[in-house]
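Structure first, then comments.
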Amino acid sequence: MRAQLLSNGRYTVMLTAAGSGFSRWRELAVTRWREDPTCDYWGSYVLLREVDSAAWSAGMQPCGGAPDEYTASLSDACARIVRREGTLETTLEAAVASSVDAELRRLTIVNHGAAARTLEVTSYAELVLGSASSDASHPAFSKMFVQTEAVVDSGGILLANRRQRARNDPDVWAAHFATGDGRAGAFQFETDRARFLGRGRTLRSALAMQGAPLSNTAGTVLDPVFAIRRRVIVAPGARVRVEFWTVVADSRTEVLASAKRLRAPDAGEQTLEVAARHASNEHQRLGIDSEQAEAFQRLVGPLLYADSAWRASTDVLERASGGAPVLWAAGISGDRPILLVRVGNDAVIERVSDVLKAQEYWRSKRLGVDVVILNNAAKRSAGRLQLKLQALLQTQTREFEADSDGVRASVFALRGSEISDALRDGLAAAARVVLNADNDEHNAAAARGESRQATATLAPVATPSSRSTLGKTKRAAAAAAEPLEFYNGIGGFAQGGREYAITLDDDHCTPMPWINVISNPSFGFIVSAEGGGYTWSINSQQNPLTPWPNDPVSDTPHEVVYLRDEDSGEVWSATASPIRVADVKYSVHHGKGHSRFEHTAHGVEVALLQFVPSDDSIKLSRLQLFNRSGRRRRLSITAYVDWALGPNGTTPAPFVVTSIDAATGALFARNPWRAEFGERIAFVDLGGRQSSHTGDGAEFLGHHGAVESPAVLRSSAPLSGTVGAGIDPCGALQTQMELATDSEIEIVILLGDAPSPAGAQALIKKYRAADLDAVLHEVTGQWSDLLNTVQVRTPDRALDILLNDWLPYQTLSCRVWGRSAYYQSSGAYGFRDQLQDVMALAVARPDIAREHLLRSASRQFAEGD
């Protein structure tokens, strides 16, 4: 991943060659960013749309596509992306102003055609204006404190401010506005992400980019963005220019004053010129030339996006364990990117000096990187080399300590003969970039991007034949005919209140994610009506198997069942998301301990039932396909999971190791590089019927891909069999089958977690052979026993439904067992709140109430608090 840092020392922009990135001001995140090397789907963008035409982006992201021409040139002063779509050529230039804390995105459009073109140019940025770590760990909560404002009488400026929660919180204000050509019409803007994207959509399919005008919404929005639109007319052979500015300051007055100065007609050109001079001056101050700066910038991408070409070998990544505490023995926090340099003799001490210059260079752009020098010299010369290294590092440390306004960064010199094997492996695994100072060939190979991925092959597992179901079932029709209580146009209560039935059609979604929290005492998952959600084991915050979503707008699924017609190439999903079929009705039933999804598309009736057993740490997804097309069908079924295996808000993907279990053929995943749960094995299985697999998310989704259009399903080729360490991890299993007319086939997808490989194998074997009807009957019986213990009848039927069914169910499944939901997933036991919760179970489940009373009492101090 090629990336560039642009900075004036206070305000920093990181931009990739695809056009994604982030902005930071001092220690605060201005815009949102997540480390995702495959999708690279975050940042600030400039989008274009011609009337009655599809939208595209000035960079490759977020809209993707296949431009006729595309070049990206990244330098210290400016990032420039040129894209050509037919007769339209766009040039996006990004730079950071030197005199004020502002960034410029300048778009130049040239019409090489013979007819005039009318375009809408739209900016888009998701706002943080606060701690990046807090935003990552709980995005929905973080967003609630950003308030927006539109200042129309100043030429059209959007403002945003993060409301302070404590006295010492920084006061931060941001402004966004546009200058240049195409100012005809009223100021058009958006600050509400939900309105811009549309419920259930991503930026790639944003509602606002499909002809809908921006809503001009500002104020207290739940999900803040900056978006401004300008309409431009580009005559044949003409060139127009639109400049988007983002400014940050400590106060409303200051940010408006800076915005006013940048509205000058030549502000854009001057910013680019001054940025070039600033970059040249910085090179002189740091004592480097442009070639060295280019080499240092080449490492920015690998430092921010884990790249196997620059990391340790796969055997080291698989062997390292224990997480950041392993590094603490050497005083290394593990909180920042690590660059590890192995040195074998003092002849290469000059290369170490270059690395320290690089660290100073990155720090000048507010990227803190810890540099670790590992002295591997022979015993007779190791002492002399260590003295030289320590002298260099002491000088660097003194300079950093003297610059109190700079970002934190540290340097370490360790003797290889004096550290443990655990620390040696841990350093190599944690380091984003590993350099061998005495090995030019190694470093050159890394620079070329040569990867070291482990691969494995899997022999097809015997597949049972499909069984005839002539005239067997009409479940969907029966469900549709069932009267619903308190029906609201989307859903209503069914089965006497024990289920909630939802119908989705066309592009409609529920107003917000309508989820079911399904769990047992140590395992569970949440699932929305569209199919979003996630799965956890033991602790919903610390040990998610798939990522906690916390995005009520897009609700992007991280666990998907794909169907593909091998003759027509049509691809769709078992749930309404991520690939919805037009003009198809999707029926969803959330029940006690289970959720059921049904629809008929492309002549195939699909039923997906999901639940967890009463005790085991496994999610069961029973997929039933019924051929209603009147002809024989060749179908492939692909189960996909995006592994998490690390606390919510962290980036565990670089440390996840995937493998194929020889005994079962299931795909295993583990993250040994964490202090807790590092020995546990997560797994996904297709009931033993998988014929191909991959653990490589980049292969499955494709470069700049997404779950709504996975690259591997564009053809009938089997999955590659790639597994191992150092890749963007996923779990994908595929099988192919033929389905006779009016016949049914059933496939069971297992997703779970166990303390050891043997435990995972035991669970897989148990549930491959289990009677799932009996397992489900046990689950529903458990809930019926609980809910039937106390039943009330009042004049208010709505109160009866909630009091007899849904509130007790939510109390136990969500609050006591799962300790997770869509907007909060602490994984923790509360004191006051959950003591109140278990009061609802004192009669129906006194054992659980007693257990929690004792748990709470064990944490109480003698003083009573």
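The values are calculated or read from the model by the stated rules, or taken from the named source; none is laboratory data. All values derive from a computational prediction rather than experimental measurement. Positions of Cβ are backbone-derived with ideal geometry, glycine not excepted, and every protein chain shown enters the neighbour counts. Only protein heavy atoms, including side chains, enter the accessible area calculation; ligands, DNA and RNA are left aside. Shrake-Rupley method; radii C 1.70, N 1.55, O 1.52, S 1.80 Å.
Filtered by the rule that a residue be open to solvent by 10 Å² or more (accessible area, probe 1.4 Å) and touching a strand residue (DSSP E or B) at 6+ places or on another chain (Cβ under 8 Å), the stretch 532-554 gives ILE538, PRO547, TRP548, PRO549. Taking the stretch 603-640 as the range and being among the hydroxyl-bearing types (Ser, Thr, Tyr), surrounded by fewer than 21 Cβ atoms within 10 Å (Cβ to Cβ) and more than 20 Å from GLY569 (Cα to Cα) as the test, only SER614 passes. Considering the stretch 66-79, and only residues there that are of a type in the set (A, V, I, L, M, F, W, C) and outside any strand (DSSP E or B), the residue that is modelled with the lowest pLDDT turns out to be ALA66. How many residues are open to solvent by less than 20 Å² (accessible area, probe 1.4 Å) and within 24 Å of SER629 (Cβ to Cβ) when one looks only at the stretch 711-736? Going through the stretch 711-736 one residue at a time, the tally reaches 3. Could you please let me know if GLY155 is small (Gly, Ala, Ser) and either open to solvent by less than 20 Å² (accessible area, probe 1.4 Å) or in contact with a helix residue (DSSP H, G or I) (Cβ under 8 Å, 6 or more places away or on another chain) (or both)? No, not satisfied.
One line per residue, one yes/no per condition, for (1) in contact (Cβ under 8 Å) with a residue 24 or more places away in the chain; (2) more than 27 Å from CYS730 (Cβ to Cβ):
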position: ARG26; (1), (2): yes, yes
position: THR38; (1), (2): yes, no
position: ALA66; (1), (2): no, no
position: THR90; (1), (2): yes, yes
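In the stretch 312-339, the residue that is most open to solvent (accessible area, probe 1.4 Å) out of those that are under 16 Å from GLY726 (Cβ atoms) and either aliphatic (A, V, I, L, M) or over 25 Å from the mean Cα position of the chain (by Cα) (or both) is ARG319.
Which of the residues that make up the stretch 3-24 are open to solvent by 10 Å² or more (accessible area, probe 1.4 Å) and either under 18 Å from ASN161 (Cβ atoms) or in a loop (DSSP other than H, G, I, E, B) (or both)? Scanning the stretch 3-24 gives ASN8, GLY9, ARG10, ALA17, ARG24. Starting from residues that are among the aliphatic types (A, V, I, L, M) and in contact with a helix residue (DSSP H, G or I) (Cβ under 7 Å, 6 or more places away or on another chain), keep the ones in the stretch 521-580 and report whichever is nearest to PRO652 (Cα to Cα). Applying the filter and picking the extreme gives VAL553. Name the single residue, out of those in the stretch 808-840 being in contact with a helix residue (DSSP H, G or I) (Cβ under 7 Å, 6 or more places away or on another chain) and closer than 22 Å to GLY496 by Cα, that is surrounded by the most Cβ atoms within 10 Å (Cβ to Cβ). Only one residue tops the list, namely LEU812. Between GLU598, GLU679, the distinction of being acidic (Asp, Glu) and under 20 Å from PHE525 (Cα atoms) belongs to GLU598 only.
Rundown of residues vs (1) surrounded by 20 or more Cβ atoms within 10 Å (Cβ to Cβ); (2) outside any loop (DSSP other than H, G, I, E, B), yes/no style:
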| residue | (1), (2) |
| --- | --- |
| ILE81 | yes, yes |
| THR90 | yes, yes |
| GLU93 | yes, yes |
| VAL100 | yes, no |
| ALA114 | no, no |
| THR122 | yes, yes |
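Out of ALA422, ALA462, one residue alone is more than 20 Å from SER353 (Cβ to Cβ), open to solvent by 50 Å² or more (accessible area, probe 1.4 Å), out of contact with any strand residue (DSSP E or B) (no Cβ under 9 Å at 6 or more places or on another chain) and modelled with pLDDT of 95 or more. It is ALA422.
Answer yes if at least one residue in the stretch 776-786 is in contact with a His (Cβ under 8 Å, 6 or more places away or on another chain), within 16 Å of LEU608 (Cβ to Cβ) and assigned to a helix (DSSP H, G or I), and no otherwise. Yes, that holds for at least one residue. Evaluated against (1) more than 27 Å from VAL604 (Cα to Cα); (2) open to solvent by 20 Å² or more (accessible area, probe 1.4 Å); (3) of a type in the set (A, V, I, L, M); (4) touching a residue at least 12 places away in the same chain (Cβ under 8 Å), VAL748 falls short on exactly one condition, (1).
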